[in-house]
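Below you'll find the structure, written out as structure tokens, and then a few comments.
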Amino acid sequence: MDGTVVLASGNPGKIREFQAVLKDFHLKPQSEFTVPEVEETGLSFVENALIKARNASRHTGLPALADDSGLVVDALSGAPGIYSARYAGIQATDQENLDQLLIDLENVADAKRTARFVCVLAFCQYPADPIPVIAQGIWEGTILREQRGVGGFGYDPVFYVPETQCASAELSAEQKNAISHRGQALIELCRLLANIQLADSVNI
């Protein structure tokens, strides 16, 4: 695939992870095009990813890629889920969201602190693309009682990864990209997009 693709995100952590994996893509963040934020009114990761991708494509006239991701905790009936970025409030910081999670899980036994990171990617060639490409990744783990590590962002410091025996925030960027929910979804997206040719009007 060749051409410019708008990345419908302003999160610097996500942008770094996308660029690290999608080396052959001509990715540009939507902030370069002054794309307005769109309200995420969906009830699932898939719906919200599509809303964001279509919005970015509509305002730029270019193909767009968006993700919706979050943390799903079994003991909290799936929360924070699609509200992961605003779990402690609309303007909450990563640290405030993380603190709220630990408070809500304070009385939950270690064996019941199972959780998973979920990432859904949506790629649209046009704003009303009837066959958007959807890729999904799921990363299983548990929630720690205290923060560990200084890498990553969001809930990474309390997400324990059994296969590496450390928190996500203790992994290098390369290690995380190889096994994380977003890394899995990006690899799947690359596979699905391998034979897609962008419209001539957007090739560079």
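The values are calculated or read from the model by the stated rules, or taken from the named source; none is laboratory data. Just so it is clear, the model here is predicted, and its values are computed rather than measured. Because the Cβ atoms are built from the backbone with ideal geometry, glycine has one as well, and the counts that use them run over all protein chains shown.
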Open item on the list: Taking the criterion of being over 15 Å from the mean Cα position of the chain (by Cα), surrounded by 19 or more Cβ atoms within 10 Å (Cβ to Cβ) and at pLDDT below 95, would at least one residue in segment 77-98 satisfy it?
Closed with: no
Open item on the list: Any residue at all in segment 142-153 that's of a type outside the set (Phe, Trp, Tyr), in contact with a helix residue (DSSP H, G or I) (Cβ under 8 Å, 6 or more places away or on another chain) and outside any loop (DSSP other than H, G, I, E, B)?
Closed with: yes
Task: Filter result for GLU163 (modelled with pLDDT of 95 or more, more than 30 Å from THR4 (Cβ to Cβ) and among the acidic types (Asp, Glu)) - done: no
TODO: Read through the list (1) part of a helix (DSSP H, G or I); (2) crowded, with 18+ Cβ neighbours inside 10 Å, then give the number of the only condition that ALA115 fails.
DONE: (1)
- [ ] Given the conditions (1) surrounded by 15 or more Cβ atoms within 10 Å (Cβ to Cβ); (2) assigned to a loop (DSSP other than H, G, I, E, B), report the number of the one that SER57 does not fulfil.
- [x] (2)
- [ ] Test SER168 against the criterion of being of a type in the set (Gly, Ala, Ser), closer than 21 Å to ARG113 by Cα, in contact with a strand residue (DSSP E or B) (Cβ under 7 Å, 6 or more places away or on another chain) and at pLDDT below 95, and give yes or no.
- [x] no
Task: Residue pairs meeting the criteria (Cβ under 9 Å; at least 6 apart or on separate chains; first closer than 22 Å to ASP74 by Cβ, in segment 144-161; second of a type in the set (S, T, N, Q) and assigned to a strand (DSSP E or B)) - done: GLY154/SER69; PHE159/THR142; TYR160/THR142; VAL161/THR142
TODO: Working only within segment 68-103, note down all residues that are in a loop (DSSP other than H, G, I, E, B) and either touching a Lys or Arg at 6+ places or on another chain (Cβ under 8 Å) or under 19 Å from GLY152 (Cβ atoms) (or both).
DONE: TYR87, ALA88, ALA92, THR93
- [ ] Please indicate, with yes or no, whether at least one residue in segment 5-16 is farther than 19 Å from PRO127 by Cα, crowded, with 18+ Cβ neighbours inside 10 Å and under 13 Å from the mean Cα position of the chain (by Cα).
- [x] yes
Open item on the list: Checking the conditions here, which among GLU140, GLU174 is of a type in the set (Asp, Glu), at pLDDT below 95 and over 19 Å from ASP94 (Cβ atoms)?
Closed with: GLU174
TODO: Among the numbered conditions (1) under 25 Å from VAL35 (Cα atoms); (2) in contact (Cβ under 8 Å) with a residue 12 or more places away in the chain, tell me where GLN91 comes up short.
DONE: (2)
